[in-house]
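Worksheet: the structure to be examined is printed underneath.
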Amino acid sequence: MQTENKKRGSKTGRKSLFNKNGYLFVAPYGLLFCIFILMPVIIAVGLSFTNFNTIEAPKFIGLLNYINLITADETFMQFVLPNTVKYALIVGVGGYVLAFLLAWALANMTKGPRTIFALILYSPSMTTGVAMSVLWKIMFTGDQTGYINSWLMNIGAIDEPIIWLSNAQYLLPIVIIIGLWSSMGVGFLAILAGILNIDESLYEAAAIDGVKNRFQEMIYVTIPSMKPQMLFAAVMQIVGAFQNGQISTLLAGNPTPGYAAQLIVNHIEDYGFIRYEMGYAAAVSVVLLLIVQIFSSVSKKLFTEKD
């Protein structure tokens with residue numbers, strides 16, 4: 001009996017030691033998570049119920065900011081929300097599909113060309129800010145020296161230059177095109193890694209079971225075998241699409257002409273850092289957080305493996 005009690009006591013002691021070691025390893029991440037993620041979210045939620053101009057102390061006003069956002073903010077309902085939904089659907093969903101197709105195409109190449117093309121596709125996501133001022137602004141310059149205007153005039157498509165970045169008709173499509181161009185980020189690399197790590201024996205078994213072409217391999221083998229990577233890429237693509245307001249700001253300023261390319265992030269910056277209505281900006285940011293959470297939950301249900 002004493003021997004058994006000693007063994008149980010030693011096992012319990014080891015388990016408690018392992019638990020302590022686990023908490024010690026998690027503690028640095030937990031501390032950083034609380035400081036840089038959890039605390040800002042809690043503060044933003046608290047400020048969303050106040051009137052705060054960054055100078056005077058916040059004044060509690062209850063749900064007034066949310067009521068004004070839905071009933072009184074015509075800019076948000078007429079321009080910002082439709083622009084954000086359109087941008088997120090095309091750049092988020094379209095960019096996700098494009099990332100998968102490009103990753104699947106690269107996975108069928110040899111190692112050398114695959115590495116080069118993957119670097120080419122990934123690099124725009126790291127250089128978006130620089131590319132705005134160096135590349136895209138020059139391409140869409142509103143006079144005949146701009147590359148797009150010069151090319152269209154040379155082929156006879158237009159007779160006079162188009163002021164691309166000041167025209168409400170063209171601004172949002174330009175922002176969407178640039179968004180797609182720079183959307184091959186970490187999610188794209190995760191999908192590529194997932195495809196490359198699929199066991200080749202699965203494709204051999206699928207061929208025996210009647211899979212005849214590459215498209216059927218993609219549907220019945222590739223996608224089901226890499227759902228964790230697909231989920232990660234979907235969440236990253238959604239978050240990136242909803243928080244990407246840098247493009248329109250760098251191209252056309254904030255607010256954009258006629259609010260043509262004004263997204264929710266730009267609306268938050270407008271009220272928070274230009275008008276100094278931090279309470280209202282916090283309310284808009286909370287709404288954005290809820291929208292991202294809803295789309296992330298949908299992605300999780302689609303790509304989480306069911307028992």
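The values are calculated or read from the model by the stated rules, or taken from the named source; none is laboratory data. These numbers come from a predicted model, not from an experiment. Quick reminder, even Gly has a Cβ in these numbers, built from the backbone with ideal geometry, and neighbours come from all protein chains shown.
Sort through Thr141, Thr110 and tell me the only one that's exposed (fewer than 12 other Cβ atoms within 10 Å of the Cβ) and either out of contact with any helix residue (DSSP H, G or I) (no Cβ under 8 Å at 6 or more places or on another chain) or farther than 17 Å from Thr249 by Cβ (or both). Result of the check over Thr141, Thr110: Thr110. One residue stands out among those in the range 113-138 that are closer than 16 Å to Ile191 by Cβ and surrounded by 14 or more Cβ atoms within 10 Å (Cβ to Cβ): the one that is modelled with the lowest pLDDT, which is Ser125. When the range 83-107 is limited to residues that are among the aromatic types (Phe, Trp, Tyr) and under 14 Å from the mean Cα position of the chain (by Cα), the one that is nearest to Pro255 (Cα to Cα) turns out to be Tyr87. With respect to Leu69, is the statement that it is under 22 Å from Gly279 (Cβ atoms), in a helix (DSSP H, G or I) and out of contact with any His (no Cβ under 8 Å at 6 or more places or on another chain) true? In short, yes. Pairs are defined by a Cβ separation below 9 Å, a sequence spacing of at least 6 or placement on different chains, a first member in the range 249-276 that is under 24 Å from Gln169 (Cβ atoms) and in contact (Cβ under 8 Å) with a residue 40 or more places away in the chain, and a second member that is assigned to a helix (DSSP H, G or I) and basic (Lys, Arg); the pairs so defined are Leu250/Lys137; Leu251/Lys137. Ile176 meets each of the listed conditions (1) buried (at least 20 other Cβ atoms within 10 Å of the Cβ); (2) farther than 14 Å from Asn244 by Cα; (3) in contact with a Lys or Arg (Cβ under 8 Å, 6 or more places away or on another chain) apart from (2).
Which one of these is closer than 30 Å to Asn167 by Cβ, part of a helix (DSSP H, G or I) and β-branched (Val, Ile, Thr): Val221, Val235, Val284, Val298?
Step by step, each of Val221, Val235, Val284, Val298 is checked, and only Val284 is closer than 30 Å to Asn167 by Cβ, part of a helix (DSSP H, G or I) and β-branched (Val, Ile, Thr).
Leu64 fulfils the conditions (1) surrounded by 13 or more Cβ atoms within 10 Å (Cβ to Cβ); (2) within 23 Å of Pro255 (Cα to Cα); (3) without any contact (Cβ under 8 Å) to a residue 24 or more places away in the chain except for a single criterion, (2).
The residues in the range 147-198 that are assigned to a loop (DSSP other than H, G, I, E, B) and in contact (Cβ under 8 Å) with a residue 40 or more places away in the chain can be counted, and the count is 5.
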